[in-house]
Amino acid sequence: MGQANNPNNKGLTTQKQRTQIRALMLSQIVLTLIASAIIWLSAGTVAGYSALLGGLIYLIPFMYQAQRVLKADPRTGLRQSVRELYKSEIWKMALTMVLFGSVFSLVRPLEPFSLFGVFILMQLISWLAPLIQNQKLLKN
Amino acid sequence: MEAALLYLAGALVMGLGATGAAIGIGILGGKFLEGGARQPELIPMLRTQFFIVMGLVDAIPMIGVGIGMYIMFVVAAG
């Protein structure tokens, strides 16, 4: 609490959070690859590349949004910050829709359970990350 | 008729999910503005937290979008 309220620590805490978000992204990339490899070995090629596509559909918009939010100047004002956050969210949603649409219309055959399984797994990791990291992401 | 119902189902899945996300992100933005107005020195920290919580709020609608797209592009299209 004291650390968060001290303006002198602002840069440090933000840098810490950025590092933690980058670690989360890296762990999600690694987990996508591991899950795809396991599914590919156990359920076949179609299930394997479907799982990989599910992971990529989550990761590409998430990484785009993270880059856009994290590269923002820390001195940016309140109104500009909100505008930038909402814009990045809109682009993330649009990108996800385009990727889902492209995969479902262009890739045949497809294994939906693998695709949605890995996609939902990635969402669950985002939910659980603050708990796994002892809520550091929200405390710092 | 069956295809029309499937398209309707897909649209409902995506639309209702988007409504929930809109309410959640709207509340989140409002709280961010309140927090930033009270303590402007915390804006960088609040922005990162906003980003994290936004990921939690939009998870279910994103899954809904995926399932809705699957219904429309794969199931309804045959």
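What number goes with the only condition from (1) touching a residue at least 12 places away in the same chain (Cβ under 8 Å); (2) more than 11 Å from chain B (Cβ to nearest Cβ) that A:Ile38 does not pass?
Checking A:Ile38 against (1) touching a residue at least 12 places away in the same chain (Cβ under 8 Å); (2) more than 11 Å from chain B (Cβ to nearest Cβ), the one that fails is (1).
Right, A:Arg83: over 22 Å from B:Gly17 (Cβ atoms), modelled with pLDDT of 85 or more, out of contact with any Ser or Thr (no Cβ under 9 Å at 6 or more places or on another chain) and not in a helix (DSSP H, G or I) or not?
no
For region B:68-78, name all the residues that are open to solvent by 20 Å² or more (accessible area, probe 1.4 Å) and facing chain A (nearest Cβ under 7 Å).
Listed by number, the residues that qualify are B:Tyr70, B:Phe73, B:Val74.
Step by step: first the residues of region A:45-68, then only those that are open to solvent by 10 Å² or more (accessible area, probe 1.4 Å) and touching an Asp or Glu at 6+ places or on another chain (Cβ under 9 Å), then the one that is nearest to the other protein chains (Cβ to nearest Cβ). Which residue is that?
Selected residue: A:Arg68.
Could you please find all residues in region B:14-46 being open to solvent by 40 Å² or more (accessible area, probe 1.4 Å), under 17 Å from A:Lys87 (Cα atoms) and either among the aromatic types (Phe, Trp, Tyr) or more than 11 Å from chain A (Cβ to nearest Cβ) (or both)?
B:Ile23, B:Ile27
Find all pairs meeting these conditions: Cβ atoms under 6 angstrom apart; at least six residues apart or on different chains; first residue within region A:75-98 and under 22 Å from B:Ile60 (Cα atoms); second residue open to solvent by 40 Å² or more (accessible area, probe 1.4 Å).
If the second residue must be open to solvent by 40 Å² or more (accessible area, probe 1.4 Å), the pairs left are A:Ser88/A:Arg68.
Where in region B:1-70 are there helices (runs of 4 or more DSSP H), lying fully within it, with 1 or more residues that are charged (D, E, K, R) and farther than 25 Å from A:Arg108 by Cα?
The qualifying helices (runs of 4 or more DSSP H) are B:2-38, B:43-57.
The values are calculated or read from the model by the stated rules, or taken from the named source; none is laboratory data. Treat the numbers as computed from the prediction; the structure is a model and nothing was measured. Backbone-built Cβ (ideal geometry, glycine too); neighbour counts: all protein chains shown. To get the accessible areas, we keep the full protein, side chains included, count just its heavy atoms, and leave off ligands, DNA and RNA. Shrake-Rupley method; radii C 1.70, N 1.55, O 1.52, S 1.80 Å.
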